[in-house]
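> Have a look at this one before I ask anything.
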Amino acid sequence: MILTIASGKGGTGKTTLAVNLFELLKEKSDLEKQVRLLDCDVEAPNDNLFLNSDLPNKKTVVEKKPKWIEENCIGCGKCKEVCHYNAIAKIFKSILIFKDLCHSCGACTYVCPNNAIQEEDYAIGEVFSSSEKCSHFVAYGLLNIGETAAPSLVKAVKKYIDDKSLNIIDAPPGTGCSVVSALDDSDAAILVTEPTPFGLHDLKLAVELTYKMKIPTGVVINRSDGNDKIISDFLESYNIPLLGRIPFNRKYAEAYSKGEVLVKAFPEVKQNIAEIYQNVLKLNGNEFNLGAGSVLEEFNCNAKEQQVNKNFKEKAQQSAPKEIMIVSGKGGTGKTTISAGLAVLAGRDCKDNKIFADCDVDAADLHLLLKPEVYHNNEFSGGTQATIAHDDCMACGKCLKYCRFDAIIPFEKKYKIDMLKCEGCGVCLLVCPVKAISENEKINGNWYLADTEHGKMVHARLGIAEENSGKLVSAVRTNAAKLAEAEDRNLIIGDGPPGTGCPVIASVTGIDTALVITEPTVSGIHDMTRILKLIKHFNVDAMVIVNKADLNLEMVSKIKETAKEYGADVIAEIPFDRAVNDALIAGKTIIEFGKGAACHEIQKVWERLNN
């Protein structure tokens, strides 16, 4: 069995469930099969931080990337012409290859007439694993910082799936291409959520993905306080099973911060996880119906649409606006909560002086708290989509042979394209001898201009299972800068994506300050270190905020030491505050809610940033 644990966004408790389910099942005396835990959250793998497993095996994972052989080049430029990712440039007689943009599709090597573009192994990350003789197997992938090829590393981790074992896969958060790779071939999916408007919004995204992939799905509500009707009503309306609940309890958070496994420390959690597993076994064949459309509500534009060109008219400004991007090494640290709180405070102090930009396009949530009134909706295309004309296909199989993304599948004795896996590289068009394959511009998502009570906002939504989230992040930042220029705003506050991959690179490149949100946990310091390395690589100033700081003061000291190593100061320690969760349930920012110690500390953060 392949059981994948996923979520619409990070921080819902996905890792907690994966680790505790693994620990529970490996101790079951009546379980004859080996249990395997494969951590496919390759940008920020955390499972082994809690298991402390001995993983003696390390394997470097490589992709084939092009290199230019100058003496063979005739300067035709065909390699540049066929590259769909702008990874090749021709300058005079020289060819420049940008490996960070390359998707390893092989198009450039295929068209080169003189063998001037050849391929070499290029390391994208590593996979660490137990000995195969180990009774209970663990493996995880670690993507190199700044690398974009997360799906390839996910696939490398999944090579350790054993057909005779129960395989638990801890998927990346969100609904992008790396999540599709993790969910592919799963027998069942567990989606972890929490009973807040944030949780419901992100759950809808994840549900839509597993529905498209036709994977039996159930839901676990984490941090449940008995008031989770917002989630249960949704599940009931679409016939999606509720597998179980994990209560909201500070003592669980404190244990997590120390790296403890909950099923070992708390008998009631062990019982909860056992019941969840028994309900998972009933998922086989479960179907739910989303109807013809998306379960997500689309943004509607108002009458201001016609004014957008006037608002966007460029005009000279002596200096570019200052840009602060709020980031985290992984989701769930409180990034959006803090971003929304700062947005409200900025609106009170300087409403006409700043722009908000929600760059977390894979699972954008800032709009749930700032409640924007959208006046411009623009489609975003980050690539192309190939299609095969069935009547013209001669079933030669060349497209299948040359596609490196497993996007060509047999269909009625010929072939068709799996839209969830196609990356729009165009290789299939190049190799088809009868020109049965065509490509069209693909709409990957939408970006929006909006008014909020606190100021102007630019945000976006990436389509389910879509690629090119880094390009959409760039579109959000570009249009936020245009809006700031058009309206003489001198501050842009951005809510960035989690992790260290392509979207984060697109978020932090060229900004003035990165505000890193972390938590005093073993996973928090691990993920913070990776994002600080990335920020330092781009020569960006960084500051750190420790959220839920009073859960583990010893870990706060370690965070301060690590931050100092990377030239960053810890500017705030926000305490664990139940009022934050109460505010989210009420659909308010913590500042508007106006209660609790966290509210006071976020006000102090804004005073520090505003000076």
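The values are calculated or read from the model by the stated rules, or taken from the named source; none is laboratory data. Computed from a predicted model, the values in this text were never measured in an experiment. No Cβ is skipped: glycine too gets one built from the backbone with ideal geometry, and neighbour counts run over all protein chains shown. Just so you know, the surface numbers come from the protein's heavy atoms only, side chains and all, with ligands and any DNA or RNA stripped out. Shrake-Rupley method; radii C 1.70, N 1.55, O 1.52, S 1.80 Å.
> Would you please list the contacts, defined by Cβ atoms under 7 Å and residues six or more apart or on different chains, that run from a residue in segment 4-17 that is in contact (Cβ under 8 Å) with a residue 40 or more places away in the chain and under 18 Å from Lys251 (Cα atoms) to a residue that is among the hydroxyl-bearing types (Ser, Thr, Tyr) and open to solvent by 10 Å² or more (accessible area, probe 1.4 Å)?
These pairs meet every condition: Gly11/Thr333; Thr16/Tyr256.
> Continuing with the same structure: Taking the conditions exactly as written (at pLDDT 90 or above, closer than 19 Å to Glu573 by Cα, crowded, with 19+ Cβ neighbours inside 10 Å and among the small types (Gly, Ala, Ser)), does Ala357 satisfy them or not?
no
> Kindly provide the set of residues from segment 381-405 that are of a type in the set (Val, Ile, Thr) and closer than 17 Å to Gly106 by Cα, ordered by number.
Of everything in segment 381-405, just one residue is of a type in the set (Val, Ile, Thr) and closer than 17 Å to Gly106 by Cα, namely Thr384.
> Restricting to segment 425-438, what's the tally of residues that are of a type outside the set (A, V, I, L, M, F, W, C) and either more than 31 Å from the chain's Cα centre (by Cα) or open to solvent by 80 Å² or more (accessible area, probe 1.4 Å) (or both)?
2
> Now for a separate question. Between Asn115, Asn46, Asn52, which is of a type in the set (S, T, N, Q) and over 30 Å from Asn222 (Cα atoms)?
Of the residues listed, the single one that is of a type in the set (S, T, N, Q) and over 30 Å from Asn222 (Cα atoms) is Asn115.
> May I ask you to list the residues in segment 526-548 that are crowded, with 22+ Cβ neighbours inside 10 Å and within 22 Å of Glu260 (Cα to Cα)?
Asp527, Met528, Val546, Asn547, Lys548 - these are the residues of segment 526-548 that are crowded, with 22+ Cβ neighbours inside 10 Å and within 22 Å of Glu260 (Cα to Cα).
> Which condition does Cys79 not pass, out of (1) touching a residue at least 60 places away in the same chain (Cβ under 8 Å); (2) crowded, with 22+ Cβ neighbours inside 10 Å; (3) not hydroxyl-bearing (Ser, Thr, Tyr), if it passes all the others?
(1)
> What are the residues in segment 225-244 that are farther than 17 Å from Leu283 by Cβ and either of a type in the set (Gly, Ala, Ser) or open to solvent by 30 Å² or more (accessible area, probe 1.4 Å) (or both), if any?
Correct list: Asp225, Gly226, Asn227, Lys229, Ile230, Ser232, Asp233, Ser237.
> Here's something else I'd like to know. Restricting attention to segment 45-60, which residues are touching a helix residue (DSSP H, G or I) at 6+ places or on another chain (Cβ under 8 Å) and open to solvent by 20 Å² or more (accessible area, probe 1.4 Å)?
Selection gives Leu49, Leu51, Leu55, Lys59.
> Ok, one more. Just a yes or no: is a residue in segment 156-178 polar (S, T, N, Q), surrounded by 23 or more Cβ atoms within 10 Å (Cβ to Cβ) and over 22 Å from Leu17 (Cα atoms)?
No, because not a single residue in segment 156-178 is polar (S, T, N, Q), surrounded by 23 or more Cβ atoms within 10 Å (Cβ to Cβ) and over 22 Å from Leu17 (Cα atoms).
> Still on this model: Within segment 346-368, can one find any residue that is touching a residue at least 60 places away in the same chain (Cβ under 8 Å), more than 30 Å from Asn539 (Cα to Cα) and in a strand (DSSP E or B)?
no
> A further question on this structure: Suppose the filter is farther than 30 Å from Cys359 by Cα, of a type outside the set (Val, Ile, Thr) and in contact (Cβ under 8 Å) with a residue 12 or more places away in the chain; does Lys414 pass it?
Yes; evaluated as a whole, the condition is true for this residue.
> Among the residues that make up segment 133-140, is at least one of them part of a strand (DSSP E or B) and not aromatic (Phe, Trp, Tyr)?
Yes, segment 133-140 contains at least one residue that is part of a strand (DSSP E or B) and not aromatic (Phe, Trp, Tyr).
> In segment 432-447, how many residues are closer than 30 Å to Pro172 by Cα and either in contact with a Pro (Cβ under 7 Å, 6 or more places away or on another chain) or among the charged types (D, E, K, R) (or both)?
3
> Just give me the residues in segment 1-44 being among the hydroxyl-bearing types (Ser, Thr, Tyr) and either within 25 Å of the chain's Cα centre (by Cα) or open to solvent by less than 10 Å² (accessible area, probe 1.4 Å) (or both), in sequence order.
Thr4, Ser7, Thr12, Thr15, Thr16
> Determine whether segment 245-268 contains at least one residue that is out of contact with any Cys (no Cβ under 7 Å at 6 or more places or on another chain) and closer than 22 Å to Asp362 by Cβ.
no
> When residues of segment 101-127 are filtered for being surrounded by fewer than 14 Cβ atoms within 10 Å (Cβ to Cβ) and either assigned to a loop (DSSP other than H, G, I, E, B) or of a type in the set (Val, Ile, Thr) (or both), how many remain?
Summing the residues that are surrounded by fewer than 14 Cβ atoms within 10 Å (Cβ to Cβ) and either assigned to a loop (DSSP other than H, G, I, E, B) or of a type in the set (Val, Ile, Thr) (or both) in segment 101-127 gives 3.
> So which of Ala364, Ala357, Ala340, Ala346 is among the hydrophobic types (A, V, I, L, M, F, W, C) and in contact with a Leu (Cβ under 6 Å, 6 or more places away or on another chain)?
Every option except Ala340 fails the conditions.
> Those residues that are at pLDDT 90 or above, part of a helix (DSSP H, G or I) and open to solvent by 10 Å² or more (accessible area, probe 1.4 Å), I need them from segment 179-200; list them, please.
Residues satisfying the conditions are Ser181, Leu200.
Table: residues versus (1) at pLDDT 95 or above; (2) crowded, with 17+ Cβ neighbours inside 10 Å.
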| residue | (1), (2) |
| --- | --- |
| Ile388 | yes, yes |
| Leu400 | yes, no |
| Glu423 | no, yes |
| Asn440 | no, no |
| Asn446 | no, yes |
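Quick grid of which residues meet (1) aromatic (Phe, Trp, Tyr); (2) closer than 18 Å to Lys9 by Cβ; (3) touching a residue at least 24 places away in the same chain (Cβ under 8 Å):
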site	(1), (2), (3)
Thr193	no, yes, yes
Pro216	no, no, yes
Ile221	no, yes, yes
Ile231	no, yes, yes
Glu236	no, no, no
Leu242	no, no, yes
Gly259	no, no, yes
Lys264	no, no, yes
Leu283	no, no, yes
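> Go through segment 472-518 and report how many residues are open to solvent by 30 Å² or more (accessible area, probe 1.4 Å) and closer than 30 Å to Glu260 by Cβ.
1
> Moving on to the next point. Within segment 135-151, restricting attention to residues that are touching a residue at least 60 places away in the same chain (Cβ under 8 Å) and open to solvent by 40 Å² or more (accessible area, probe 1.4 Å), which residue is farthest from Asp202 (Cα to Cα)?
Within segment 135-151, the match that is farthest from Asp202 (Cα to Cα) is Ser135.
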